[in-house]
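Read the structure below first, then the notes.
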Amino acid sequence: MHAHPNDRRICQTTHERSSLGRGTWRNSLLSVMLPVSVMLLATMMLSACGGGSSNNSATQIPLTLSGNWQFTMSPQVDQNNQVLYLGGLEGGFLLQNSGSAKGSTEYAVSIPGILTPCSAGSATVTGTISGQNVNLTAMAGTQTFTLTGTLSLDSSTMSGTYTSTAGTASDGSPCGSAEPPAGLNISGLQWSAALVPPMTGPFQGNFLSMGGSTALQNEDFSVWGSLTQAQNAGASSAALTGALNVGTYPCLDTASVYGQISGNSVTLQILGSDQSILGLIGEPVDSNGATGLNPVNVEPVEGGYVLSGVGPSYLLATSVCPGNVEDVDAAGNFGSVCLGLNGASCPQAADLTSPAAKAAGPALTTPAHAVPVVASPSNRNLQDVEHHAEID
């Protein structure tokens with residue numbers, strides 16, 4: 001097939017025009033590409049110097065396991081998914097060094113329907129962290145818990161699955177099962193943990209009187225003061241010290257407080273100037289409910305955190321409000337307590353002393369058990385209180 005003469009002329013004309021314009025087009029292209037190249041080069045240099053986007057900076061925030069953690073663990077079950085034991089790791093402190101971590105937590109394992117745990121104490125924890133991936137191993141008496149999971153990007157929560165070996169009580173009876181059981185087609189049981197911030201700073205709140213030997217019924221008394229939490233040492237608890245002031249509360253004027261925190265569980269002694277125990281805030285360690293006080297826990301609220309207890313969660317016995325600190329029934333005054341930390345506000349008094357709240361009994365959060373008492377001039381008195389409570 002032959003090209004038409006006119007077609008050849010068209011092609012020649014087009015080629016000539018293309019040749020004539022090629023130099024101009026090349027110059028135009030260079031004039032456009034040169035600034036773009038310079039901009040790309042500058043961007044690459046800026047990124048190399050750490051001047052990248054905010055997204056790149058966000059990924060450089062270091063993750064850490066260091067802090068006070070409150071654990072929640074799914075019940076241990078049999079092959080039919082029936083609950084055998086409740087509890088596990090509770091609260092305690094971890095310390096991270098590079099990619100490894102160690103610390104201690106309180107633990108308690110109990111049989112459903114029985115208040116006293118069949119095994120409780122302090123568990124030694126070791127672990128590793130790589131990125132957001134967390135692996136922890138806890139030696140809780142004769143039972144070992146192995147936890148795998150993920151740490152949140154802000155290092156405030158972690159969750160995953162756990163396995164465990166069988167455990168025994170001090171008398172050799174079964175207490176804790178091997179998980180997961182062979183009959184269940186799962187890799188492990190669920191667990192989670194939440195970081196509890198240091199309880200250091202001023203507080204203000206209320207003693208909400210519910211009874212006692214004095215005629216103080218359903219009265220709201222303002223209290224304020226400050227708390228200081230000891231440094232994280234990787235132990236199962238940390239000491240709390242501070243001061244307590246009251247307004248029109250007749251049983252007490254001023255006092256110091258001493259106690260400890262493990263996870264979100266707090267227990268405090270209210271001490272006189274001679275270090276004698278005038279009262280308690282929160283269920284004492286190892287009492288297993290013998291005093292009648294409910295746990296006091298750190299709870300998140302809008303604007304921060306509060307220390308609060310449902311129902312009887314403080315008691316006092318002083319010369320003005322006579323009684324003793326062994327039992328709420330023998331106290332000079334008892335009631336519920338709420339202390340807002342660092343400007344956080346407590347709920348309304350009616351919310352904590354309502355019939356529904358009183359009927360609820362102890363909070364669902366499992367209190368710490370067998371927490372070692374930190375050395376203090378008042379430790380002997382606290383141990384005496386627990387001893388008398390056990391006798392009663």
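Descriptive notes on the structure:
- Single condition THR126 does not satisfy, out of (1) loosely packed, with under 15 Cβ neighbours inside 10 Å; (2) of a type outside the set (Phe, Trp, Tyr); (3) in a loop (DSSP other than H, G, I, E, B): (3)
- Flag for LEU240 being over 26 Å from the mean Cα position of the chain (by Cα) and in contact (Cβ under 8 Å) with a residue 40 or more places away in the chain: no
- Residues that are within 26 Å of the chain's Cα centre (by Cα), in contact (Cβ under 8 Å) with a residue 24 or more places away in the chain and surrounded by fewer than 18 Cβ atoms within 10 Å (Cβ to Cβ), drawn from segment 207-229: SER226, THR228
- Residue that is within 22 Å of ASN232 (Cβ to Cβ), surrounded by fewer than 22 Cβ atoms within 10 Å (Cβ to Cβ) and touching a residue at least 40 places away in the same chain (Cβ under 8 Å), where the choices are GLN132, GLN190, GLN204: GLN132
- Top-ranked residue of segment 211-251 - restricted to ones that are touching a Pro at 6+ places or on another chain (Cβ under 8 Å) and at pLDDT below 95, ranked as nearest to GLY292 (Cα to Cα): SER213
- Meets criteria (of a type outside the set (Val, Ile, Thr) and either assigned to a strand (DSSP E or B) or outside the structural domain of TRP191 (by TED's automatic domain parsing) (or both)) for GLY149: yes
- Of the candidates LEU89, LEU94, LEU115, LEU84, the single residue that is surrounded by fewer than 23 Cβ atoms within 10 Å (Cβ to Cβ) and assigned to a strand (DSSP E or B) is LEU84.
- A single entry from GLY176, GLY172 fulfils the requirement of being surrounded by fewer than 17 Cβ atoms within 10 Å (Cβ to Cβ), in a loop (DSSP other than H, G, I, E, B) and at pLDDT 95 or above: GLY172.
The values are calculated or read from the model by the stated rules, or taken from the named source; none is laboratory data. Here the structure is a predicted model, which means the values were calculated and not measured. Using ideal geometry, Cβ is built from the backbone for each residue, glycine included, and neighbour counts are taken over all protein chains shown.
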